[in-house]
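The values are calculated or read from the model by the stated rules, or taken from the named source; none is laboratory data. Everything numeric here is computed off the predicted structure, so don't read it as measured data. Cβ placement follows ideal geometry from the backbone for every residue including glycine, while neighbour counts extend to all protein chains displayed. Note: accessible area is taken over every heavy atom of the protein model, side chains too, but ligands, DNA and RNA are not part of it. Shrake-Rupley method; radii C 1.70, N 1.55, O 1.52, S 1.80 Å.
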Amino acid sequence: MDRRSSETWYERARDVIPGGVNSPSRSFKAVGGGAPRFFVRGEGAYLYDVDGRRYIDYLAAFGPLILGHAHPKIAEALRAVAQEGTLLGTPTPYEVEFAERLREAIPELERIRLTNSGTEAVMTTIRLARAYTGRTKIVKFAGAYHGHFDQVLVAAGSGPATLGVPDAAGVPKETAQQVITVPYNDLETFRKAVERFGGDLAAVIVEPIIGNFGIVPPDAEFIHGVHALAKAAGALVIYDEVITAFRFRYGSVMPMLGTRADLVALGKIIGGGLPIGAYGGRAEIMELIAPLGPVYQAGTMAGNPASVRAGLALLDALQEPDVYPSLEAKAKRLAEGLGEIAERYGVPLRINRVGGVFSTHFIDRPVRNYADAEAAEGTLYAAFFHGMLERGVLLAPSKFEAWFMMLPHSDEDIDRTLAAAEDVMRAMMR
Ligand SMILES: *Cc1c(COP(=O)(O)O)cnc(C)c1O
């Protein structure tokens with residue numbers, strides 16, 4: 001392939017693709033603009049750009065990758081599928097086995113449907129909750145990302161616990177008014193929303209550990225309170241585990257939190273690097289889905305052998321011993337190292353870490369909700385991001401994203417990352 005610089009590719013890209021990217025988070029708009037790097041290849045913990053430069057990758061494709069790039073087991077599964085057909089358009093044994101394996105890992109998923117993206121999975125859980133309860137309104141938490149469909153592109157209205165307003169052009173006001181947006185970790189405002197709208201509430205949708213404005217775990221009182229209030233109001237609890245499932249342990253975060261959601265959406269990791277989503281939950285609710293029941297959801301590509309066989313290979317690899325302790329040990333060493341460097345150079349940095357994932361907010365107070373994350377210094381993050389990129393370390397191009405550890409990240413990679421961070425922070429604070 002023609003190895004031209006990222007700037008040249010960006011110019012060509014912008015001429016044919018809006019903004020030059022197929023997903024807005026890939027642009028460098030949130031870190032001061034300019035041409036994003038264009039990459040041609042990944043291997044293990046590394047990505048290689050169009051100029052042949054190697055980067056240590058902590059973006060991990062915004063969360064889906066955990067085995068690293070081009071893992072041999074995934075490659076083997078894909079070679080088989082390439083020879084036997086990537087899309088059959090009929091039921092296959094692979095999707096049955098995959099759903100069984102997901103249910104073994106997450107017993108709360110009594111029935112499971114596969115989709116092609118997390119967006120579709122979450123969207124369907126909301127439709128199902130509305131059908132099951134015969135109600136319309138939903139509560140979501142500010143700053144949580146649930147995909148790009150209308151009902152979740154809604155911002156808080158004026159005043160706490162009021163009807164929402166569109167958070168993106170093209171979302172009808174009427175749709176936004178079906179959604180109440182409440183600050184995360186704020187049980188009192190959630191209580192107010194339930195008091196005001198309880199009889200109309202179909203569901204509350206929760207990222208059980210926030211992964212989309214950094215990493216923010218829920219307070220125990222908050223998450224248990226959400227379940228109790230939702231249950232008392234007759235509303236379902238939907239967990240959006242598109243980021244969290246299989247990221248912190250083999251399965252859901254529900255056992256970590258001591259909770260049980262009615263419906264759960266999955267995505268990202270479970271496809272082993274291929275497009276996928278899934279949703280599941282109590283059989284009684286799931287059996288409302290067509291062809292058994294009146295709730296429609298479908299997909300030409302859903303459960304395709306390529307995504308599913310990559311997913312099966314992924315689940316095998318994640319069941320090897322020591323996967324999660326190893327991810328956590330890497331993240332702990334890196335996060336602690338970054339914290340020490342920040343302190344040495346007087347950089348205001350809050351690191352929230354859960355297991356093998358952490359976030360770096362340039363702010364001098366705890367980050368517990370979206371308003372805290374918004375208040376973090378975007379210009380400091382942008383300077384840090386570009387400094388790291390110049391030194392061969394790829395982070396997410398937004399102050400709201402996390403660092404994801406992958407199994408192939410080595411001690412040497414972490415040492416090199418810390419050396420780069422020291423260099424960058426020294427220069428930033430000069
Ligand atoms: C990424 C993400 C989604 C959307 O998944 P897509 O596969 O990008 O459609 C939904 N919810 C959460 C929590 C996510 O992080």
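Of all residues assigned to region 62-80, at least one qualifies as being assigned by TED's automatic domain parsing to the domain that holds His409, in a helix (DSSP H, G or I) and under 30 Å from Ile138 (Cβ atoms). Selection of first residues in region 7-32 that are without any contact (Cβ under 8 Å) to a residue 40 or more places away in the chain and of second residues that are open to solvent by 50 Å² or more (accessible area, probe 1.4 Å), restricted to Cβ pairs under 6 Å at least 6 apart or on distinct chains, gives the following pairs, ordered by first then second residue: Gly20/Arg14.
Quick one: which of Leu78, Leu67 is more than 20 Å from the chain's Cα centre (by Cα) and more than 16 Å from the ligand (Cβ to nearest atom)? Among Leu78, Leu67, only Leu78 is more than 20 Å from the chain's Cα centre (by Cα) and more than 16 Å from the ligand (Cβ to nearest atom). Of everything in region 333-353 that is open to solvent by less than 20 Å² (accessible area, probe 1.4 Å) and in contact with a strand residue (DSSP E or B) (Cβ under 9 Å, 6 or more places away or on another chain), the residue that is nearest to Lys140 (Cα to Cα) is Ala335. Out of the residues in region 107-117 meeting the condition of being away from the ligand (no atom under 16 Å from the Cβ) and in contact with a helix residue (DSSP H, G or I) (Cβ under 9 Å, 6 or more places away or on another chain), tell me which one is farthest from Met301 (Cα to Cα). Across region 107-117, the extreme among qualifying residues is Glu108. Within region 296-316, the set of residues being out of contact with any Asp or Glu (no Cβ under 7 Å at 6 or more places or on another chain), crowded, with 16+ Cβ neighbours inside 10 Å and not hydrophobic (A, V, I, L, M, F, W, C) comprises Gln297, Asn304, Pro305, Ser307, Arg309, Gly311. Search region 259-282 for residues being away from the ligand (no atom under 14 Å from the Cβ) and open to solvent by 20 Å² or more (accessible area, probe 1.4 Å), and hand back the single one that is farthest from Thr133 (Cα to Cα). Filtering region 259-282 for residues that are away from the ligand (no atom under 14 Å from the Cβ) and open to solvent by 20 Å² or more (accessible area, probe 1.4 Å), the one farthest from Thr133 (Cα to Cα) comes out as Arg260.
Here is a check on your reading of the model: is Arg130 assigned to a helix (DSSP H, G or I), more than 14 Å from the ligand (Cβ to nearest atom) and closer than 18 Å to Leu236 by Cβ?
On the way: assigned to a helix (DSSP H, G or I): yes; more than 14 Å from the ligand (Cβ to nearest atom): yes; closer than 18 Å to Leu236 by Cβ: yes.
The answer is yes for Arg130.
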